[in-house]
Amino acid sequence: MSGKDNNKRDRISVLSSHFSSSSPMASEKEAALAATPSDADAPTIFDKIINKEIPSTVVYEDDKVLAFRDITPQAPTHILIIPKVKDGLSGLSKAEERHIDILGRLLYTAKLVAKQEGLDDGFRIVINDGPKGCQSVYHIHVHLLGGRQMNWPPG
């Protein structure tokens with residue numbers, strides 16, 4: 001097997017462990033470094049969640065977005081909010097003017113879900129972008145974190 005094939009297998013292994021609740025969790029940094037930005041419209045694990053091919057604990061859904069609990073929560077409340085149609089929006093750095101409405105919808109949905117979850121004392125919104133931003137899935141997503149005191153500076 002070539003070095004390139006081994007590297008691909010290693011990335012898949014780290015990413016698989018990142019999304020599997022039954023195997024040891026790779027660190028967020030390892031998962032982000034193993035992920036490779038690919039074709040903006042290439043399917044991701046989030047597409048499988050949207051299509052109900054992979055189970056998730058959905059807390060909010062409408063025609064544009066889906067919000068579900070993170071399987072490796074970093075806070076008592078950790079919810080991912082994703083657009084149902086990626087439309088080339090693999091990360092925030094790929095946003096174009098045509099994405100303004102969905103970006104606003106993601107943030108407004110975060111507010112709705114925070115209220116639904118009882119995060120009246122505050123919450124944090126995080127959008128990781130690119131390898132150094134610790135992005136591990138190249139389908140834009142908003143992390144809604146709450147239920148504990150957040151610290152500054154983050155990460």
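For T57, what accessible surface area do you get with a 1.4 Å probe? Give it in Å², rounded to 10.
Roughly 80 Å² of T57 is accessible to a 1.4 Å probe.
Near V65, within a Cβ-to-Cβ distance under 13 Å, what is the net charge of the other residues, with Lys and Arg +1 and Asp and Glu -1?
Cβ neighbours under 13 Å give a net charge of 0.
Do any of K64/K94; K48/K86; K48/K115; K94/K132 go past 23 Å between their Cα atoms, and which?
Among K64/K94; K48/K86; K48/K115; K94/K132, the Cα-Cα distance tops 23 Å for K48/K115.
What nm distance separates the two modelled labels at V58 and W152, each placed 7 Å from Cα along Cα→Cβ?
Placing both labels 7 Å along Cα→Cβ, they lie 3.7 nm apart.
The values are calculated or read from the model by the stated rules, or taken from the named source; none is laboratory data. What you are looking at is a predicted structure, and each value in this text was computed from that prediction instead of being measured. When we count neighbours, we look across all protein chains shown, and the Cβ atoms used for this are built from the backbone with ideal geometry, even at glycine. Accessible surface is based on the protein model in full, side chains and every heavy atom, while ligands, DNA and RNA are left aside. Shrake-Rupley method; radii C 1.70, N 1.55, O 1.52, S 1.80 Å.
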